[in-house]
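Asks: The structure follows.
Taken together, the values in this text are just the output of simple stated rules run on the coordinates, not laboratory data. Remember, it's a predicted structure, so these values are computed and weren't measured experimentally. Using ideal geometry, Cβ is built from the backbone for each residue, glycine included, and neighbour counts are taken over all protein chains shown.
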Amino acid sequence: MFFRKIKQRQKKERDEDHFLQKCAEKINARIKTVAGMMTKKTENISASKKKIGLVFFCLLFGSASIYIMIKTVVNVNIKSKRVIIQPIRIPKNIGRSKDWYVTMSDSEIKNIQKLAHEYQKLMDSADFKTTTK
């Protein structure tokens, strides 16, 4: 029985590896297809045009990201021309002890411990017989 479980586990792992390998192959095939399409589209563009396009791309998205960062950190009220810094909220559970979420009474905890001990005795006394085919 023990060896059967090991063999089943090994078969399951092989099946999972085979599935992941197929997924990786499909992803690689899709990447190659897209790369081929992009190469065909950019064949007729000269290197200088590609560099100019890259510079404009970097300027556009770089300035947009800097604008978003500034906008999230500093909020300027145009009417009063004041700079408002957004507050940082601290989670409520910071500074509490590790057992702050336990709200059981001592009698409830003892009852749970008693039930766990009885379950342990039951499991220790059980006679598990396995049938093999």
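Asks: Determine, from the Cβ-Cβ distance of L54 and R30 and an R0 of 30 Å, the FRET efficiency 1/(1 + (r/R0)^6), rounded to the nearest 0.05.
Replies: On the way: r = 25 Å, r/R0 = 0.83.
Efficiency for this residue pair is about 0.75.
Asks: Right, here's the next one. For R89 and V74 in the same chain, what is the full-extension length gain: residue separation times 0.36 nm, less their Cα-Cα distance, in nm?
Replies: On the way: separation 15, 0.36 × 15 = 5.40 nm, distance 1.56 nm.
Length difference between fully extended and current span is 3.8 nm.
Asks: Enumerate by residue number the GluC sites (Glu not before Pro) in the stretch 1-60 meeting two conditions: DSSP loop (anything except H, G, I, E, B), and at most 15 other Cβ atoms within 10 Å of the site's Cβ.
Replies: On the way: sites: E13, E16, E25, E43; in loops: E43.
In loop regions of the stretch 1-60 (DSSP not H, G, I, E or B), the sparsely surrounded GluC sites (Glu not before Pro) are E43.
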